[in-house]
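Remarks on the structure that follows.
Values quoted throughout were computed directly from the atomic coordinates according to the rules given, and no laboratory measurement underlies them. As the structure is a computational prediction, the values presented were derived from the model and not from experiment. All Cβ positions, glycine included, derive from the backbone under ideal geometry; neighbour counts span all protein chains shown.
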Amino acid sequence: MSDSKHDSKSDSRSDSQSDSTDRLIATAQAVVARAQDLGAHTAEVLLVTHRELTAKIRLGKPELVLQASSRALGLRVIRDQCSAVCHTADLAPAALDEFAAQAVDAARLSEPDPNSTPPDPGDLATAADRPDLDIHDPAMAKVDADQALAMAIAGEQAARDHDPRITNSEGATCSIATGQRILVTSGGFTGSYGGTFASLVVEPVADDADGKKRNGHWWDGRRHLSRLASPQDIGAEAARRTVEQLGARKIDTCQVPVIFSPEAGSQVLSTLFGVVSGDAAYRRSTYLLDREKTPIASGLVTVVDDPLVPGGPGSRPFDGEGLASRKNVVVDRGAFTGFLCDTYAGRRLGRPSTASAGRGISGPPGVTSSNFTLVPGDITPEDLLADTDRAFYVTRLMGFGFNPVTGDFSKGAEGFWIEKGKRAFPVSEVTISATLDELLLGVDGVANDLDHRSSTASPTFRVKTMTVAGS
């Protein structure tokens, strides 16, 4: 390719993969050119291929085997500041010509928006801006249904064998996904990258003394199959987490320190992302308006959005508009550094994009996170727990109790009561509440157990006091 913005690296692909990618890139380029010929001032094509294999079993027997593959193309056109987005799965040349014409006609029907124009061509990523992020595993393409079923069966069996109190199962599911994304824009950008992801989840069931069923689960997910935990380890951990809930009860309403497990902590971070998004800022639907460069959390809290983590589930070499991926520090030792923006949100707020655009084939770019994480501390989670005399340790949050405008945070929770640094008994049917401001400012301990299983991830952390509402 002669285009200086094109990523020509193909050394990690087989010849057939390279030929396929080159053909798809040529298809995307032809659609962009056709839309321009028809009068579009800007044209952007996202072409996505996807292959999925899902195998679900229950009590050792297959319940579902799903194999699917797809190719789809999304086109955004802008004409006189009026835009339209259309998508199709028909990649035949004649069909794409008609498709491009329909998209240009649709743009004429929309209202003009001066902020909807794309990034400046000079800001687009070059081939040199795109590192190898280790997010594609060729071995994934070789996994068949028999292998996926065997992994699911082994995981469930390990859970059932681990503890006699496991009396039933909701099953186990193994999923393998491979895909490729190609982005071509009339601004001069052409880029592509492939990605893979494998996961296994096991869901045992135990009977409590009162006859109540206690459902639990555990899972792992990785970009590389060889890095996935063994089915036996996943199943055993699922069983352990299920039986430790037996005997769960309410506690009296109190104000105590609250420790968030990595799973519960990631839910808090998901809530935080919603109020640091530039979309929320220009819509004035965040309590962090006018809070930039001020403390919104304790000095132990640093939150980053980093699409350049090698092997990270949210890693990407460029964003949804063709800007070079970059690490953004959202909270720096407690201080809010600024909102994450795509080009549109940045223009609405009078600032540049933070290369935080994501997009699907059926919509325009929008602000998304990549690997959104709380930076880990130095203490182990065991030492953090041992340093806590009396607290509530949260393993799961439930419900939608958050107001982004006021920051009020109130959610159902499950976990364990802590006495003298140890788990005393399991707890269920309680609610924890504070404002998100109070929660983040109250963080007084951050552990070192960050694990990039999911794109939003947190280590264990402790908040010095929250209201726990029980009996």
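From the list [x] 1.27; [y] 0.93; [z] 1.07, can you say which value of Cα Rg over 2.2 N^0.38 Å was derived from the structure given? Calculated Cα Rg over 2.2 N^0.38 Å: the matching label is [z].
Could you tell me which of rounded, prolate or oblate describes the range 229-289, using a ≥ b ≥ c as the square roots of the eigenvalues of the alpha-carbon gyration tensor, with rounded for a/c under 1.5 and, failing that, prolate when a/b is larger than b/c and oblate otherwise? Oblate, because a/c is 1.5 or more while a/b does not exceed b/c.
Note on the range 376-470: along the principal axes its Cα atoms extend 35, 30, 24 Å, ordered by decreasing extent. With angles folded into 0 to 90 degrees, how steeply does helix 231-243 sit against the dominant principal axis of the chain? Use alpha carbons for both and round to 10. Value to nearest ten degrees: 50.
Any idea which of A28, S83, L47 is furthest toward the positive side of the dipole for the range 15-240, if Lys and Arg beta-carbons carry +1 and Asp and Glu beta-carbons -1? Of the listed residues, the answer is L47.
Counting charges near A43 (Lys, Arg +1; Asp, Glu -1) among other residues having Cβ under 12 Å from its Cβ returns a value of +1.
Its alpha carbons considered, the range 254-469 gives a radius of gyration followed by a Dmax of 17.4, 53 Å. About its Cα centre, the range 112-240 has a charge dipole of approximately 140 debye under the convention of +1 per Lys or Arg Cβ and -1 per Asp or Glu Cβ, with nothing else charged. Shown in residue order for the range 198-209 are the 3J(HN,Hα) couplings computed by the Karplus curve 6.51 cos²θ - 1.76 cosθ + 1.60 at θ = phi - 60°: 10, 9, 9, 10, 10, 10, x, 10, 10, 9, 7, 4 Hz (x for Gly and Pro). Take the Cα radius of gyration of the range 286-327 and divide it by 2.2 N^0.38 Å, N being the number of residues; the result is 1.54. Derived from the Cα gyration tensor, the three semi-axes of the equivalent ellipsoid of the range 188-341 are 35, 26, 13 Å, largest first. Counting only alpha carbon atoms, the long axis of helix 93-107 and the longest principal axis of the chain meet at about 80°. Rounded to the nearest 20, the Cβ-based charge dipole of the range 238-366 about its Cα centre (Lys and Arg +1, Asp and Glu -1) stands at 120 debye.
Projected onto planes of every orientation and averaged, the convex hull of the alpha-carbon atoms in the range 15-240 covers 16.7 nm².
Rounded to the nearest whole Hz, the Karplus-based 3J(HN,Hα) values (6.51 cos²θ - 1.76 cosθ + 1.60, θ = phi - 60°) of the range 56-70 follow the sequence 10, 10, 8, 6, x, 10, x, 10, 7, 10, 10, 10, 8, 9, 8, with x at glycine and proline.
Normalising the average separation of contacting C-alpha pairs (under 8 angstrom, six or more residues apart) by the number of residues puts the relative contact order of the range 45-167 at 25 percent. Straightening the chain between A95 and R291 buys 65.6 nm, computed as 0.36 nm per residue apart minus the Cα-Cα spacing. Proximity of backbone amide H atoms, modeled 1.01 Å from N, is registered between L38 and no other residue at under 5 Å, excluding neighbours fewer than 5 places apart on the same chain. For the chain, the Cβ-based charge dipole about the Cα centre amounts to some 500 debye (Lys, Arg positive; Asp, Glu negative; other atoms uncharged).
The angle between the Cα long axis of helix 145-162 and the longest principal axis of the Cα atoms of the chain comes to about 20 degrees, rounded to the nearest 10. The label point for R351 and the one for H50, both projected 7 Å from the Cα toward the Cβ, are 3.2 nm apart. The slack between D252 and T406, meaning 0.36 nm per residue of separation minus the straight C-alpha distance, is 52.7 nm.
Each other residue within a Cβ distance under 10 Å of A335 adds +1 if Lys or Arg and -1 if Asp or Glu, for a net charge of +1.
In the range 254-469, taking the dipole from charged Cβ atoms about the Cα centre, the farthest positive-side position among P317, V468, A413 is held by P317.
Consider all pairwise Cα distances in the range 69-181 and report the whole-number % of them above 21 Å. Result for the distance tail: 67 percent. DSSP beta bridges confined to the chain are antiparallel in about 95 percent of cases. Backbone phi angles across the range 456-471, fed through the Karplus curve with coefficients 6.51, -1.76 and 1.60 (θ = phi - 60°), yield HN-Hα couplings of 10, 9, 9, x, 4, 8, 10, 10, 5, 6, 8, 8, 10, 9, x, 6 Hz in residue order; Gly and Pro are listed as x. For every other residue with a beta carbon closer than 14 angstrom to the beta carbon of A239, add +1 if it is Lys or Arg and -1 if Asp or Glu, then tell me the sum. Net charge in that neighbourhood comes out at -4. Evaluated at q = 0.14, 0.17, 0.18 Å⁻¹, a Debye calculation over the C-alpha positions of the range 119-199 (equal weights, vacuum) places log10 I(q)/I(0) at -0.67, -0.80, -0.85.
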